[in-house]
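Derivation of every value follows stated rules applied to the coordinates shown; laboratory data play no part. Model, not experiment: these values are computed from the prediction. Positions of Cβ are backbone-derived with ideal geometry, glycine not excepted, and every protein chain shown enters the neighbour counts.
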Amino acid sequence: MNALAGRFAARTVRVKAPGKVNVSLDVGPLRPDGYHSVASVYLAVSLYEEVAATSTEAPGITISISQDSTLDLDGVDIPLDEKNLAYRAAAIMADVSEHPTGVHLEITKRVPVAGGMGGGSADAAATLVACDALWNSGLSRDELAHLAAELGADVPFSLLGGTAVGLGLGDELSPALAKAQTDWVLVAADYGLPTPEVYHTLDRLRDAEGVDAPEPEAVDPKILQALRSGDADALSRVLVNDLQRASIELAPALRDTLGIGESHGAIAGIVSGSGPTVALLTHSPAAAESLAEDLLHYGLTAIAVHGPVHGARIISDTLL
């Protein structure tokens, strides 16, 4: 008898998935269910989370954060249990797979945590793709997207990548054929802004002003035209984020970051999603690199990126 027969063979599937910038975000009024309808244009950018899913002989799901993470995670509370979206993604995949093993997820963090760029959602999207391959589930991209929608509004987009319009709660995605590159500098904060608190602040500001926000039904077509052409100047004139003033109300330093960016050559700036990450639009990759370097002198954490980029993809599949 072969002495190796029956030995457990571990396998690691590594997947990367992008963070996103909300190029536009129109927010409707508070709904009876406590949510807000939105109309948004999502742009996947070249700042990636990575998840390495390794099969384990012991059952269950475990998580660790890689030492290769480029973020300063001191004092950042990243749950390593079912509160983590990646854990929940693995659990969902185990439920639909015929022969799941135990799995260990090692997450490499590069997208700012609680920064309005969907880093946790990218982890979940990467985990879906990794576990699908690890357990030979054979799910189609549409089936994975359906599972992604169960995990949160931003997860389907990180799976899809590219450029997309999001309606409803942001999870009703329509791919936008906008492949021309735009170049940005992302400025990360050393703190997070809880998304519910930002939305609550927007509601409070609107109530104080007596503003009745309309239900958003579509995005401004000029945004999509600018993205399709890669016309950064045209895009700079139509950037919008209804949450931005609420984010600045909670974190006034964001106004300074936007001002510094524009004074050093950014065409325009916007708070990404609920913040506090700031996205600064530039004319070219060289301009983005130069701006990022300038901002470092102010003690800001800045990185040049571009978009659109592809969604969650396998980058290695290894038998151990």
Could you grab the Rg to Rh ratio for the chain? Cα atoms only, Kirkwood for Rh. 1.00
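Where both residues lie in segment 27-106, what percent of DSSP beta bridges are antiparallel, nearest 5? Mind dumping the intermediate values first?
Numbers: 7 of 11 bridges.
The antiparallel proportion sits near 65 percent.
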Which values of log₁₀ I(q)/I(0), to two decimal places, follow from the Debye formula for segment 1-157 at q = 0.14, 0.21 Å⁻¹ with a uniform point scatterer at every Cα? -0.72, -1.35
Among chymotrypsin sites (Phe, Trp or Tyr not before Pro) in segment 96-201, those in a DSSP loop whose Cβ has at most 16 other Cβ atoms within 10 Å are Tyr191
Straight-distance crosslink candidates among lysines, where the alpha carbon sits under 18 Å from Lys16 and sequence neighbours closer than 8 are dropped: Lys109
Of Ile92, Ile314, how do they rank once you tally other Cβ atoms within 10 Å and put the fewest first? Ile314, Ile92
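Where in segment 16-92 are there GluC sites (Glu not before Pro) that are in a DSSP coil and have at most 15 other Cβ atoms within 10 angstrom of their Cβ? Could the numbers behind the result be given before it?
Values: sites: Glu49, Glu50, Glu57, Glu82; in loops: Glu57, Glu82.
Loop-located and lightly packed - Glu57, Glu82.
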Classified through the alpha carbon gyration tensor (a ≥ b ≥ c as square roots of its eigenvalues; rounded if a/c is under 1.5, else prolate when a/b is larger than b/c, else oblate), segment 121-266 comes out prolate
Under the Karplus relation 6.51 cos²θ - 1.76 cosθ + 1.60, θ = phi - 60°, what is the ordered set of whole-Hz ³J(HN,Hα) values for segment 135-144, x standing for Gly and Pro? 9, 6, 6, x, 6, 6, 4, 5, 5, 5
With axes computed from alpha carbons, what is the tilt in degrees of helix 85-96 against the longest principal axis of the chain, rounded to the nearest 10 within 0 to 90? 50 degrees
Taking every other residue with Cβ under 15 Å from the Cβ of Leu235 and scoring Lys and Arg +1, Asp and Glu -1, one gets -1
Would you mind checking which residues have amide H under 5 Å from Leu47's amide H? H placed 1.01 Å from N; only 5 or more apart, or other chain. Gly19
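What's the exposure ranking of Ile61, Ile267, going from fewest to most Cβ atoms within 10 Å? List each step's numbers first, then the result.
Values: Ile61 25, Ile267 18.
The fewest-first ordering by Cβ neighbours comes to Ile267, Ile61.
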FRET efficiency, 1/(1 + (r/R0)^6) with R0 35 Å, evaluated for Leu80 and Asp212 via beta carbons: 0.20
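Could you give the length gained on full extension between Leu296 and Lys222, defined as 0.36 nm per residue of separation minus the Cα-Cα distance, in nm?
Numbers: separation 74, 0.36 × 74 = 26.64 nm, distance 3.28 nm.
Value of the extension gain: 23.4 nm.
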Viscosity 1.306 mPa s, 10 °C: Kirkwood-radius Stokes-Einstein D of segment 27-79 over Cα pairs, µm²/s: 99 µm²/s
Quick one: net charge of Pro18's neighbours, Cβ under 14 Å, K/R +1, D/E -1? +1
Within segment 160-175, whose backbone N sits under 11 Å from a point 7 Å along Cα→Cβ of Tyr35? 167-172
Checking segment 220-251 for trypsin sites (Lys or Arg not before Pro) in a loop per DSSP with at most 15 other beta-carbon atoms within 10 Å yields Arg237
Most exposed first by the Cβ proxy, i.e. fewest other Cβ within 10 Å, how do Leu243, Leu205, Leu30 rank? Leu205, Leu30, Leu243
Distance between segment 116-195 and segment 26-86 - C-alpha centres, whole angstrom: 10 Å
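Looking at the calculated P(r) for segment 73-181, what percent of the C-alpha pair distances fall above 16 Å? Kindly include the intermediate steps, with their values, before the conclusion.
Numbers: 3467 of 5886 pairs.
Tail of the P(r) past 16 Å holds 59 percent of the pairs.
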Report for the chain the percent antiparallel among DSSP-assigned beta bridges with both residues inside it, nearest 5. 90 percent
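Quick one: length gained pulling Ala149 to Ala286 fully straight, 0.36 nm per residue minus the C-alpha distance?
Working: separation 137, 0.36 × 137 = 49.32 nm, distance 3.67 nm.
So the extension gain works out to 45.6 nm.
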Point-to-point label distance, Arg245-Val96, nm (Cα→Cβ direction, 7 Å offset): 4.1 nm
Return the long-range amide H neighbours of Tyr35 (sequence gap of 5 or more, or a different chain), with a cut-off of under 5 Å between placed amide H atoms. none
Quick one: dipole size for the chain, taken about the Cα centre, charges +1 on Lys/Arg Cβ and -1 on Asp/Glu Cβ, in debye to the nearest 20. 700 debye
Would you work out the Kirkwood radius for segment 191-232? I mean one over the mean of 1/r across all pairs of different Cα atoms, in Å. 13.2 Å
